[in-house]
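Beneath this line is the structure, given in structure tokens, with notes to follow.
The values are calculated or read from the model by the stated rules, or taken from the named source; none is laboratory data. Worth saying up front: this structure is predicted, and the values here are computed from it rather than measured. Cβ atoms come from the backbone with ideal geometry, glycine included; neighbour counts cover every protein chain shown. Ligands, DNA and RNA are stripped out before the accessible areas are found, and what is left, the full protein with its side chains, is counted by its heavy atoms. Shrake-Rupley method; radii C 1.70, N 1.55, O 1.52, S 1.80 Å.
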Amino acid sequence: MLFNSIEYLIFLPTVFILYWLLNKDLKKQNLLLLIASYVFYAYWDWTFLSLIIYSSFIDYYIGIKIYETNSAKAKKNWLRLSLFSNLGLLAAFKYFNFFTESFAEMMLLFGWQVDHVTLNIILPVGISFYTFQTLSYTIDIYRDKLKPTKNIVAFFTFVSLFPQLVAGPIERASNLMPQIESVRKFKQKWFHDGVFQIAVGLFRKVVIADNLGVYVDSIYASPDVHNSSTLLLATIFYSYQIYFDFAGYSDIAIGSAKLLGFRFNQNFNLPYFSNSISDIWQRWHISLSSWLRDYLYYSLGGSRGTALFTFRNLMLTMILGGLWHGNTWNFAIWGAIHGLLLVGEKIIFSALKIKNAGWFGYVYPFWVVLLSWVFFRAKDFEAAGVIIKKLIFFDFKIPFIGDTNAIVTGLSMLIIGMSLDLYLYRSKQELETLGRRLTPIKLGAVISVIILLISLFYSTSNNFIYFQF
Amino acid sequence: MNKKQIINTLKLIGFIVVVSFIIDKIAYFTITKISDTVYSGQAIGKLNHYLAIKDTTKLIVFGSSRANHHIDVKKLNASSYNMGVDGKFIAYSATLIKLLPKDLKQTVILHVDPNVAYREYYNREETKTLMVKYHTNDVIKEELDRAELTNPLQNFYWCIDYNGLVLGILKNAVFPKYDLEHYYGYDPMEVHSTQKEIFEKILARNDSIECKTNLKLNPLFNSYLKEIETFCTNNNKKLITITTPLYIDKCPEDNNALRKVLEDLNIEYHDYSNFFKDNNSTDYWIDIAHMSDVGAEIFSEALSKDISIND
């Protein structure tokens, strides 16, 4: 079920009413959430529900085993089993074709023609998200940071809680499990925050991102026939499309959770107002970047060693983080570019003994990240190469506009979206708590205007981009 | 959730529903008032123009951008209008044809695209732009309801009728594109250097085309075609179908199949897909399927000799 569908518009209020009617019985409330979450997922494809149940069961059981076992070796073995089960699922469904094709291509470099098998595998929606979520649970128990739960319904609800099931935010058990296991109280200010954030999220997604996507899709479909300025314009649009698409999704997820009395962590914090590349990664898809930092970068040794060792860890983390997004080399390159940028920034800042680049820091991150988006969006490595070449050897020709209405609508709505971001940045406020700052009348009026803007300008051209990951 | 919280929550939801409904209606009637004065632009202006002239014009061309940019209707008849619109196909045309006056003798030229006729998926989504008249025109409302293209919220939020069109309406209200007195729906396209460069690159790429083998007429296309034929027969309209030129048509099979279908329905058909086969030039083209103003003028001249209607 999509957040921007009529079905969700019926689903969420229905769950909301039933949920608060069961307020006095936590067990029934959690069971309702579990059933609702499975319905939410099954609406897309019920057959893949079995994967979620499998993953939940494995980690529920292993979590208890790790905690109960006294032997360090046995603990490690249980953890290995959890890693193998979860990453095995990912490998089978997401990376099987990538591995076999890459192997065959590598053999071809040595002159050996290898017949490789590719399977027609459908990527189950949300698999990258919920496997990381359950992994964090077992790893935290292994690291003695968390005690396992014996409440199976609560754990299964943690894995499948519908606002974050298919595209995050990747919520840690340390944040979510205590909330699931304790009585939730309805808070009026949370309700205000939630409805406001859902409205803003919908606007960001269906109005800004989807309108920008119309132009981006048309240009990126045939990059070879377009000039440099057209490709630059499309890439700038894409950088905002993906931001508003995913930030919008996260807003609806966080807002929906708040209506049910759950506090999710912030997932986007105005990333295009960053003053360095490392700052971007503290503001963009925060739940993933912090997951990679805590469970991959630190596991590799983090910065506890020589500079070279730290750089290696950074590069590995970013490349694997890139591959988490998709099973092509484009994503690995995208990750590698970010790794190199982070390493380069560390070297330069350390040599100049500065913490950031001053005003210049607000300029360069956007433009270098912009180049990396080419690899993220281009359909393959060859297309990305064509675009990068044209952007580097710029031809200064007039950009191709195409559908004027779509481009003007996209730009106008982008200005509104960025104005809200600028307001949040200057006033040092967070979108997550903006709803409570408005009086009910102001809140109602603002949401009504947002509904009007959505009615007039929504576009249904694109699915949520992060669904494909 | 205590009683006070329930009341406050219901109050807020009720307030949002009421205020959003009122704001929506204020916006809807304001936009409608502006929109009704707009006579330029493909989405609204042309539709308004058509509704204004449809009862007095003798010859009207319907179809997609290929009808719009290729047929200079004044070469066919002095009392004529080109109602071809970018990205619009047979469902859109059929709806507009059904708005023609019942007894007036008129000629309907319908541009048919074999590629659309034999498309596996054709969902008549292009008729969505007629949504602007959803709450003001019964024929259009009926057609859109039948096509199941309306948004379930549309009966509450009427502004959805204008989804994606407001900026265009405002722009055309303030800066109309045409001199209305001289505009008759035909929009010739001049080739700009960027466009020409893109087209030449596409040609140089020499993409291979796979012709469809198992040709199956799209049932929706077939049904609309029959509806148009019935309407025209019953309402004193002469129906002529045409297919305008392509830069090159490597797959004539669908044209031949469509010709057979039209013959069976006893509908006059002229296929000009390979009109420029022997004397082609890139100057005549914007892209593979769209002629430039130069190509369109040459074609319209030839068309007028074939199907000139002067009464």
>> One residue is enough: does region B:33-44 have a residue meeting the conditions of a type outside the set (Ser, Thr, Tyr), part of a loop (DSSP other than H, G, I, E, B) and within 14 Å of chain A (Cβ to nearest Cβ)?
In response: yes
> Within region A:1-38, how many residues turn out to be in a helix (DSSP H, G or I) and either of a type in the set (Asp, Glu) or crowded, with 16+ Cβ neighbours inside 10 Å (or both)?
Replying inline: 18
>> Pull out all pairs, ordered by first then second residue, where Cβ-Cβ is under 6 Å, the residues are six or more apart or on different chains, the first lies in region B:162-176 and is more than 7 Å from chain A (Cβ to nearest Cβ), and the second is among the polar types (S, T, N, Q).
In response: B:ILE169/B:SER35; B:ASN172/B:SER40; B:PRO176/B:SER40
> Somewhere in region A:309-319, is a residue outside the structural domain of A:ILE139 (by TED's automatic domain parsing), of a type in the set (A, V, I, L, M, F, W, C), open to solvent by 80 Å² or more (accessible area, probe 1.4 Å) and in a helix (DSSP H, G or I)?
Replying inline: no
>> Of the residues B:LYS212, B:LYS226, only one is more than 10 Å from every other protein chain (Cβ to nearest Cβ) and in contact (Cβ under 8 Å) with a residue 40 or more places away in the chain; which?
In response: B:LYS212
>> Given the criterion at pLDDT 85 or above, assigned by TED's automatic domain parsing to the domain that holds A:VAL153 and closer than 19 Å to A:THR328 by Cβ, identify the matching residue among A:ILE127, A:ILE64, A:ILE53, A:ILE121.
In response: A:ILE127
> If you check A:ILE198, A:ILE180, which single one turns out to be open to solvent by 10 Å² or more (accessible area, probe 1.4 Å) and among the hydrophobic types (A, V, I, L, M, F, W, C)?
Replying inline: A:ILE198
> Here are B:THR30, B:THR9: which of them is β-branched (Val, Ile, Thr), over 16 Å from B:LYS177 (Cβ atoms) and modelled with pLDDT under 95?
Replying inline: B:THR9
> Which of the residues spanning region A:391-406 are under 29 Å from the mean Cα position of the chain (by Cα) and either within 10 Å of chain B (Cβ to nearest Cβ) or of a type in the set (Ser, Thr, Tyr) (or both)?
Replying inline: A:ALA406
> Looking at region A:35-56, is at least one residue closer than 23 Å to A:ILE127 by Cα and more than 27 Å from the chain's Cα centre (by Cα)?
Replying inline: no
> For region A:165-210, what are the residues that are aliphatic (A, V, I, L, M), outside any helix (DSSP H, G or I) and either more than 13 Å from chain B (Cβ to nearest Cβ) or without any contact (Cβ under 8 Å) to a residue 40 or more places away in the chain (or both)?
Replying inline: A:VAL166, A:ALA167, A:ILE170
> Counting only residues that are open to solvent by less than 40 Å² (accessible area, probe 1.4 Å), of a type outside the set (A, V, I, L, M) and in contact (Cβ under 8 Å) with a residue 12 or more places away in the chain, which one in region B:1-32 is nearest to the other protein chains (Cβ to nearest Cβ)?
Replying inline: B:SER20
> Which residues, taken from region B:191-228, are touching a strand residue (DSSP E or B) at 6+ places or on another chain (Cβ under 7 Å) and at pLDDT below 95?
Replying inline: B:PHE199
>> Quick test for you: out of B:VAL85, B:VAL61, B:VAL73, B:VAL112, pick the one residue that is more than 14 Å from the chain's Cα centre (by Cα) and surrounded by 24 or more Cβ atoms within 10 Å (Cβ to Cβ).
In response: B:VAL73
> Restricting region B:115-148 to residues that are within 21 Å of A:ILE451 (Cβ to Cβ) and in contact with a helix residue (DSSP H, G or I) (Cβ under 6 Å, 6 or more places away or on another chain), which is most open to solvent (accessible area, probe 1.4 Å)?
Replying inline: B:HIS135
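Quick grid of which residues meet (1) within 14 Å of another protein chain (Cβ to nearest Cβ); (2) open to solvent by 50 Å² or more (accessible area, probe 1.4 Å):
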| residue | (1), (2) |
| --- | --- |
| A:PHE375 | no, no |
| A:ALA383 | yes, no |
| A:LYS389 | no, yes |
| A:LEU422 | no, yes |
| A:SER448 | yes, no |
| A:PHE457 | yes, no |
| A:THR460 | yes, yes |
> Within the group B:ILE228, B:ILE240, B:ILE267, which residue is hydrophobic (A, V, I, L, M, F, W, C) and open to solvent by 10 Å² or more (accessible area, probe 1.4 Å)?
Replying inline: B:ILE267
> If you go through region B:73-94 one residue at a time, how many are touching a strand residue (DSSP E or B) at 6+ places or on another chain (Cβ under 8 Å) and charged (D, E, K, R)?
Replying inline: 2
> Within the set of pairs 6 or more residues apart or between chains, which connect a residue that is at positive phi inside region A:238-261 to a residue that is surrounded by fewer than 24 Cβ atoms within 10 Å (Cβ to Cβ) with Cβ atoms less than 6 Å apart?
Replying inline: A:GLY261/A:ARG184
>> Name the single residue that is nearest to A:HIS226 (Cα to Cα) among those in region B:183-201 being outside any loop (DSSP other than H, G, I, E, B) and open to solvent by less than 50 Å² (accessible area, probe 1.4 Å).
In response: B:ILE198
> Quick one: how many residues across region A:221-237 are more than 13 Å from every other protein chain (Cβ to nearest Cβ) and open to solvent by 10 Å² or more (accessible area, probe 1.4 Å)?
Replying inline: 2
> Can you tell me which of A:ILE141, A:ILE152, A:ILE208 is buried (at least 24 other Cβ atoms within 10 Å of the Cβ) and over 24 Å from A:ASP251 (Cα atoms)?
Replying inline: A:ILE141
>> Which count do you get for residues in region A:281-301 that are touching a residue at least 60 places away in the same chain (Cβ under 8 Å), assigned to a helix (DSSP H, G or I) and under 14 Å from the mean Cα position of the chain (by Cα)?
In response: 5
